[in-house]
Amino acid sequence: MQDVRGKVAVITGGASGIGRAMAQAFSAAGMRVVIADVEATALEQTSQELGVRGVRVDVTKPEDLEALAQTVREEFGTCHVLCNNAGVGGGGLLHELTMRDWKWVIDVNLWGVIHGLQSFLPMLLANPDGGHVVNTASMAGLSPLPGAAPYSASKYAVVGISETMREEFRGTGVGVSVLCPGFVKTNIFTSQRNRPQELRNATKKAAARTANEDMIRLVNETAIDPADVASKVLTAIVQDEFWIFTHPDLLEPYRQRNRELHGPC
Ligand SMILES: NC(=O)c1ccc[n+]([C@@H]2O[C@H](COP(=O)([O-])OP(=O)(O)OC[C@H]3O[C@@H](n4cnc5c(N)ncnc54)[C@H](O)[C@@H]3O)[C@@H](O)[C@H]2O)c1
């Protein structure tokens, strides 16, 4: 999509972090932006600060995405760019995880993306001037992140969906990108703030499993500003690039995995 000016972008998880930075970058580039988020206060604050439309949406609910698509169609005519970005960080060691841990993370990070695609793809495909989908995965969608199996599983799935979309959408005018960030300075480590009551664990034990010291050190050493991520996303949309990496220097575990796969093949 070479000219983004005047195009309509919908960003889930747009009230905070990477989604907020995307909203800011897209607005600065002349796009009309809608942010959708479950956190009402942050949503209101961000939409006011950035001067963009905010809609309260829980991406785990397909009916919320349907209603969002309807609102966007009525108020903006169509959607050109869909960023399936809402996500939560959650995990713990596999043998300690509860079904609630799994359900919460998979519901938001995987079903949230699926719901976004289901509700918005018809609109994007019908645009005479094309469209673009950006799915936010993670480096944890390419190589394992110990202590975060549900997160990793959800992000591998988002990469899989995105790679399939790229094949299916060739020649349709709808481009696809998959965003695979390393650590970014956002509110992801307080994701529990948005965890529904019914999916919280009965005891504090699982909730207390947070990043270990190695992880915190890695975050402090490598985390980048969300604005740098957003600028890469905008470039990928304009230049129709599939892979969006923010930390190419952290790709070694992925290369190692590929080398292992090459061995038996
Ligand atoms: N920050 C990182 O280091 C990092 C690294 C790799 C990938 N990511 C991915 O980036 C994306 C954005 O996360 P972030 O780092 O900006 O974190 P963040 O917490 O700052 O922002 C995430 C946003 O998603 C929203 N959200 C959570 N549950 C939701 C739901 N059910 N429905 C709608 N909105 C919901 C939150 O309210 C928040 O505004 C996520 O998909 C995350 O997995 C982040």
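Points worth noting:
- Arg73 contributes about 100 Å² of solvent-accessible surface, heavy atoms of the protein only, 1.4 Å probe.
- Share of carbon and sulfur in the accessible heavy-atom surface of the range 8-262 [1.4 Å probe, %]: 54
- Judged by the mean number of other Cβ atoms found within 10 Å, the most tightly packed of the peptides 80-90, 152-162, 103-113 leads the ranking 80-90, 103-113, 152-162.
- When the pairs Lys7/Lys155; Lys61/Lys185; Lys155/Lys232 are compared against a 21 Å limit on Cα-Cα distance, Lys7/Lys155; Lys61/Lys185 fall above it.
- At a probe radius of 1.4 angstrom, the accessible area of the chain per residue rounds to 48 square angstrom.
- Amide H partners (placed H, <5 Å) of Arg32, local residues excluded: Gly6, Lys7, Val8, Ala9
- Rel. contact order, % - alpha carbon contacts under 8 angstrom, at least six apart, the chain: 21
- The residue list Gln239, Gly77, Trp111 was ranked by how far each Cα lies along the charge dipole of the chain toward its positive end, using unit charges on Cβ atoms, and Trp111 comes out on top.
- By the rule of a C-alpha distance below 15 Å, with chain neighbours fewer than 8 residues away ignored, the aspartates and glutamates paired with Lys103 are Asp58, Glu198.
- Taking Met139, Met165, Met22 in turn, the Gaussian network model of the chain (Cα-Cα springs below 10 Å) assigns the largest fluctuation to Met165.
- At the residue level, Lys185 shows approximately 130 square angstrom of accessible surface with a 1.4 angstrom probe and all protein chains present.
The values are calculated or read from the model by the stated rules, or taken from the named source; none is laboratory data. Being a predicted model, the structure only gives us computed values, none of them experimental. Every residue, glycine among them, receives a Cβ derived from its backbone with ideal geometry; neighbour counts consider all protein chains shown. Surface areas here come from the heavy atoms of the whole protein model, side chains and all, with no ligands, DNA or RNA. Shrake-Rupley method; radii C 1.70, N 1.55, O 1.52, S 1.80 Å.
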